[in-house]
Structure formats: C-alpha cells, structure tokens
Amino acid sequence: MSQQTEVENRLREMILNLDISPGERITERWAEAAFGASRTPVRAAFIRLTNEGLLRREGRGWMTAPVEPEEIRQLFDYREALEVSALRMAEGKITNEQLQSLAVILETAKNHGSKEEMSRAGTEFHLALANLAGNKFLTESLKDVLQQLSRARWLDSGSEQPAWEEHHVLVNALKKDDIETACSLLSTHIRSSRERTIDALTLNQRTLRARGIKLA
C-alpha cells in the first residue's frame, strides 16, 4: 500500500467515524505527524478526499466538510433513484443463492446487535441489493452515496430497529418474486430513513454544535 493510500484510508475513516468532527480544521503538518507521512502523499490524499466531498479548502488550510441538511436530503433522493432503478433492473435475474446471502447479512447483524455493526451490515445489505442488477457502475455510485451519508447517520442516535424490520419485509417480497412491492417498500424505506436523519439533525442542532460539529 502506498503512503498516499494509507493516509487516505486512515483519514477517511477518522472523518466518517466522526473522530474528526464536521467543520473541524486540520493541517497538512498535523497529518504528516499523525500518520508519519511526507508532504507530497499527504497533499495528494487531501486532494483526493476533497474530490470525495469529505474535505474543503479553508484559506491556506483545510477543514472537514460540514454536514448540510439540504445536501443530505438530495443525497437521499439520489440514493433512492439508484437503488430503485437497480432493483427494477434485477427483475428476473435474482437467484435463490442471492436471496439467501441477503438473509444471512440480516441474521449476522442481528446476532451482533451493536449500532455500529448494524450500520455496517445495513450498508452491506444495500450494496448487495443493488448488486442484484449486475451493473457495477450503479453499485459503485451507490457506494459513494452511502459513504457521504454515513456521517449524518452516525449523528442520529436513534434505534436501527425500524429500518432493520423493513429490510426483512423487503427480502420477503423478493422471495415471492414481487418486484413491484419490493420497489415500493425500498422507496418507502429510504424516504423514512431520510426523514429520520433530517429530523435528528434539525432537533439536535444545539447539542451537535456544542460538540463542535458544524452544520451548514
């Protein structure tokens, strides 16, 4: 693994896990010391994460991108378009093995139970669902969207249980080969997640700002 890739991966993880808060200022010198890297790979990593929407230029320095409720809403809308389109494309292609894999993801996360594990499994579930279409560009686009949404989801302290139950109902519809119902359930599921996330950001603005988290 190159030094640039290592810095990218470690810094990306810190941003997505909120070890570095939205709106927090960081410097290249800090990254050089924190990751034991030289200036050139650190600068390249910062530019890459800027292109991913996780960092922004701030004068001569850098800061992690603030969480913007309107941007979150638009990302959810884009996510819905991607996922529903992928599921419609999968009609007639879904195998029993793929359905079993979806069920295994849900069961494995249920046994672990922690919010972190369920969140990761939820991402894995939705990527596996999109992958049913057999279109790598759709899946990669969804992966990017889910990554950008992950920080906002960590800021939501609510239970993952409602979403998890919706996953099970969706899989049951696919087992019955009912794509129309599955697409409707998926659309409703994503919109519900969108509203829960936006409501959490709106209701908890004062608390989040007190924690140093910048909302645009």
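Largest GNM mean-square fluctuation among HIS189, HIS126, HIS168, using the chain with Cα springs under 10 Å: HIS168. The angle between the Cα long axis of helix 96-112 and the longest principal axis of the Cα atoms of the chain comes to about 60 degrees, rounded to the nearest 10. Run the accessible area of the chain with a 1.4 Å probe and give the carbon-and-sulfur part as a rounded percent. C and S atoms contribute 47 percent here.
Across the options LEU102, THR50, ALA90, the greatest Cα extent toward the positive end of the charge dipole of region 36-144 (unit charges at beta carbon of Lys, Arg, Asp, Glu) belongs to THR50.
I need the calculated FRET efficiency for the pair THR188 and GLU140, taking r as the beta carbon distance and R₀ as 25 Å, to the nearest 0.05.
Working: r = 25 Å, r/R0 = 1.00.
Step by step, r from the Cβ atoms, then E = 0.50.
Taking amide hydrogens as placed 1.01 Å from N in the peptide plane, the amide H of ILE26 sits under 5 Å from those of TRP62, MET63, THR64, each at least 5 positions away in sequence or on another chain.
Net length available on complete extension from GLU165 to GLU180 is 3.5 nm, with 0.36 nm assigned per residue and the Cα-Cα distance removed.
Helix-only arithmetic for the chain: the sum of -39500 (n - 2.57) across DSSP H runs with n ≥ 4, divided by the residue total, places the mean residue ellipticity at 222 nm at -24000 deg cm²/dmol.
What FRET efficiency would be calculated for the residue pair GLU195, LYS93, taking the C-beta separation as r and a Förster radius of 35 Å, to the nearest 0.05?
Details: r = 31 Å, r/R0 = 0.89.
Calculated value: 0.65.
Nearest 20 debye, what's the magnitude of the dipole of the chain about its Cα centre given +1 on Lys and Arg Cβ and -1 on Asp and Glu Cβ?
Numbers: 30 positive and 32 negative charges, 177 e Å.
Magnitude of the dipole: close to 840 debye.
The trypsin sites (Lys or Arg not before Pro) of region 47-110 that DSSP puts in a loop, and whose beta carbon has at most 14 other beta carbons within 10 Å, are ARG60, LYS93.
Counting only residues at least eight positions apart within a chain, or on another chain, the aspartates and glutamates with an alpha carbon under 19 Å from that of LYS93 are GLU83, ASP177, ASP178, GLU180. Calculated accessible area for region 30-128 comes out at 53 Å² per residue, all protein chains present (probe 1.4 Å; ligands, DNA, RNA ignored).
Using a cut-off of 12 Å between beta-carbons, work out the net charge of the residues near ASN172 (Lys and Arg +1, Asp and Glu -1, ASN172 not included). Display every interim value, and only then the final one.
Details: positive: LYS175, LYS176; negative: GLU165, GLU166, ASP177, ASP178.
Combined, the nearby Lys, Arg, Asp and Glu give -2.
The values are calculated or read from the model by the stated rules, or taken from the named source; none is laboratory data. Computed from a predicted structure; not experimentally measured. A quick note on method: Cβ atoms are made from the backbone with ideal geometry, for glycine too, and the neighbour counts reach across all protein chains shown. Surface accessibility is based on the protein's heavy atoms, side chains included, excluding ligands, DNA and RNA. Shrake-Rupley method; radii C 1.70, N 1.55, O 1.52, S 1.80 Å.
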